[in-house]
Amino acid sequence: MSTSGVQPDPVQLQTAPNTSPTEPAAKTGVLHTIQALLYIIVIAIFIITFTVQPFRIPSASMEPTLLVGDFLLVTKESPSTDTSNGVFAPDHIHRGDIIIFYYPINPSMHLVKRVVGIPGDHLKLRGGHVYINDKPLSESYAVYRPTPPDNFRDNFPRMQSADPTIDSRWWIRMRNLIDDGELIIPAGNYFVLGDNRNDSEDSRYWGFVPRADIVGKPLIIYFSLREISDDPLAVPVDSIVPAGHRPSAFDLLTSFARWGRTFQIVR
C-alpha cells in the first residue's frame, strides 16, 4: 500500500515495443545541452555588448605593462552625472588606473594610457618624474629608456618654447591653467601619461581626457600576438631564439603568440 495515497499511472510504466527506455532521457539530455549553450551564447553577447569590449595595442607607449600585439578585454565605464552641481559624480577612476578613451584630437581613434592626475591636482614633471601637489608620485610602472634630452617632455609644463608636436589648442588652453610652474587639472578632466615615459604621445602634447570620453579600463590580456619579421621563415622578431638555431615547423606554429601573457590581469 502506498503511504502517499497516490497510485502510479499505469500508462507511464508502459514502453513501446523495440524502444529503449533510455532514448527519451537521451533526447532530453541533448535538448538541455543545446538550451544551456544558447544561454551561454546570449550571456556572452550581453557581456560583450554592455560590459566588456575587445581592444588591440598598436604602439609601444605603454611598454612594458602593455606590449604591441596585446589583445585586451576592457570593462566599460558608464559615467553618471550629479545633477546637484552639474559635474561628474565620484566614480571609479583613480590615479594610477589604466584607461581606454577617445583620442581628443581624433575621436574616431581609441588610446590607452595611465591616469597620473585627477581633478584638482597641481601637476608638474621634473626630470621626467611626476610631482603631484609638490610631492613626487611613486611610479613603479614607469620606465625611462635612453633618449635625447627634451625640456618640454621632461620638465612639463614648460612655456618657454613650443614643441612642434603640441596641439595648438592645447598650447593656448594650457597657458591659462599654470600656477607657479604647476598645471591645475580642472573638474571632469584627467591627465594621462604612457608608462614608456620617453616614448609616449600623451596629455603633455594634446591635453586632458574628459570624463565623458573614457570608454573603460583594461581587465585582462586575453591574447598576445608577437611582432612578425619580414622573413616568412623566421620566428617573430621579439621571440628569443638560440644563436644559430633554425626554426622548426613547430617553432613557426607556436611562436607567433606570447602564450605566457594570456589571461594576465592588467595592472
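All of the numbers you see were taken from the coordinates with simple rules; none came from a lab. No experiment lies behind these values; they were computed from the predicted model shown. Glycine also receives a Cβ, built like all others from the backbone with ideal geometry; neighbour counts cover every protein chain displayed.
Listing for the model above:
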quantity	calculated
Per-peptide average of other Cβ atoms within 10 Å, ordering 111-117, 30-36 highest first	111-117, 30-36
Cut-off 10 Å between beta-carbons: net charge of the residues surrounding TRP206, Lys and Arg +1, Asp and Glu -1	-1
Under-23-angstrom lysine pairs by C-alpha in the stretch 52-220, whenever the two are 8 or more apart or on separate chains	6
Sorted by Cβ density within 10 Å, fewest first, the residues ILE41, ILE166, ILE214	ILE41, ILE166, ILE214
Long-range amide H partners of ALA257 with built H, under 5 Å	ARG226
Residue-span extension gain [THR28 to ILE184] - 0.36 nm each, minus C-alpha spacing	49.6 nm
In Å, descending, principal axis extents of the Cα set of the stretch 52-220	43, 42, 30
Cβ-based charge dipole, the stretch 52-220, positive-most Cα from ILE57, PRO186, VAL115	ILE57
Exposure proxy order (Cβ contacts within 10 Å, fewest to most) of HIS94, HIS129, HIS122	HIS94, HIS129, HIS122
Two-site label geometry, LEU37 and TRP259: point separation in nm, points 7 Å out along Cα→Cβ	2.7
Ranked MET62, MET174, MET159, criterion: other C-beta atoms within 10 Å, fewest first	MET159, MET174, MET62
³J(HN,Hα) computed for each position of the stretch 172-182 - Karplus, 6.51 cos²θ - 1.76 cosθ + 1.60, integer Hz, glycine/proline x	5, 5, 4, 4, 8, 10, 9, 9, 6, x, 10
Pairwise label distance in nanometres, TYR103 with LEU219, each label 7 Å out on the Cα-Cβ vector	2.6
